[in-house]
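The values are calculated or read from the model by the stated rules, or taken from the named source; none is laboratory data. Computed from a prediction, not measured in an experiment: that's the story for all the values here. Here the Cβ positions follow ideal geometry from the backbone for every residue, glycine too, while neighbour counts run over all protein chains shown. Keep in mind that these areas ignore ligands, DNA and RNA; they rest on the heavy atoms of the full protein, side chains included. Shrake-Rupley method; radii C 1.70, N 1.55, O 1.52, S 1.80 Å.
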Amino acid sequence: MTMSIRLSASFALLALMLSLADAYDPSPLQDICVGVAEPHNALFVNGQFCKNPSLTTADDFLFSGLQVPRSTANPMGSTVTPVFEQQLPGLNTLGISMVRIDFGIGGLNPPHTHPRGTEILLVLEGTLYVGFVTSNQLNNTFFEKVLHPGDVFVFPIGMIHFQLNVGKTNAVAIAGLSSQNPGVITVANALFNAKPPISPEVLAKGFQVDEKLVETLQKKFWYYN
């Protein structure tokens, strides 16, 4: 291999590594960039338009009320309270966010994935059964654990995961995420409540079930949503 070919290959590899390193929230290029919906007199960097720093106040970096229990009177028996950039504008460009998750008895935060963020979960109250499934390349390996107050568990980015309250009382957890807007795809809802709906034939073949069962599930999700 000639020197020029080796150099070209090295530059190609370096470019690939740099592109992968920038695959998540990019690093901010300024001290603060409070998100604003109105771009008047604002500078767009990444995420949201930046509020003029001279107009920024301490309130832009404050979210209150995360200590308040949320109602879990819904079909899943759980409620997620997000603190993303939309709720806390000061998070804009910082690459972090968090949520509070309330669980009624038997409550489930159903199987879902965060396409743009890793999640680290801390149990504050109750007992949770949690788990995540790896990709096809790792044979869809299932990792599971029962967590108690003070336990911390991490769900790698993009992996399908869930939390289920298996205790005899309500449960509460706090989770941090490695993106200001990690996104969430609830698996069942995405498949059976897509708009427009996914063809029952596709889902029936994919799940190896009867089309009538798929149609029943679709109607159930339409009803609840």
Selection count where residues are out of contact with any helix residue (DSSP H, G or I) (no Cβ under 9 Å at 6 or more places or on another chain), open to solvent by 10 Å² or more (accessible area, probe 1.4 Å) and part of a loop (DSSP other than H, G, I, E, B), scope region 72-103 | 9
What are the residues in region 144-179 that are at positive phi and touching a His at 6+ places or on another chain (Cβ under 9 Å), if any?
-> G158
Unique match (being among the hydroxyl-bearing types (S, T, Y) and either in contact with a Pro (Cβ under 7 Å, 6 or more places away or on another chain) or within 30 Å of S54 (Cα to Cα) (or both)) among T118, T79, T141 = T118
Reported set for region 135-146 where residues are under 20 Å from the mean Cα position of the chain (by Cα) and assigned to a strand (DSSP E or B) is F142, F143, E144, K145
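Answer yes if at least one residue in region 159-166 is at pLDDT 95 or above, assigned to a loop (DSSP other than H, G, I, E, B) and farther than 30 Å from T93 by Cα, and no otherwise.
Yes - at least one qualifying residue is present in region 159-166.
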Over region 104-134, the set of residues within 14 Å of A175 (Cβ to Cβ), in a strand (DSSP E or B) and under 18 Å from the mean Cα position of the chain (by Cα) is N109, H112, T113, E119, I120, L121, L122, V123, V130, F132
With respect to A190, is the statement that it is in a helix (DSSP H, G or I), without any contact (Cβ under 8 Å) to a residue 60 or more places away in the chain and within 21 Å of the chain's Cα centre (by Cα) true?
-> yes
Over region 170-187, the set of residues open to solvent by less than 30 Å² (accessible area, probe 1.4 Å), within 30 Å of T93 (Cα to Cα) and either basic (K, R) or part of a strand (DSSP E or B) (or both) is V172, A173, A175, G176, L177
Among the residues of region 55-71, write down those that are among the polar types (S, T, N, Q) and either within 15 Å of E85 (Cα to Cα) or surrounded by 14 or more Cβ atoms within 10 Å (Cβ to Cβ) (or both).
-> T56, S64
A careful count of residues in region 196-222 that are exposed (fewer than 14 other Cβ atoms within 10 Å of the Cβ) and under 21 Å from M76 (Cα atoms) gives 4
Considering every residue within region 83-104, establish whether at least one is hydroxyl-bearing (S, T, Y), more than 15 Å from Q163 (Cβ to Cβ) and out of contact with any strand residue (DSSP E or B) (no Cβ under 7 Å at 6 or more places or on another chain).
-> yes
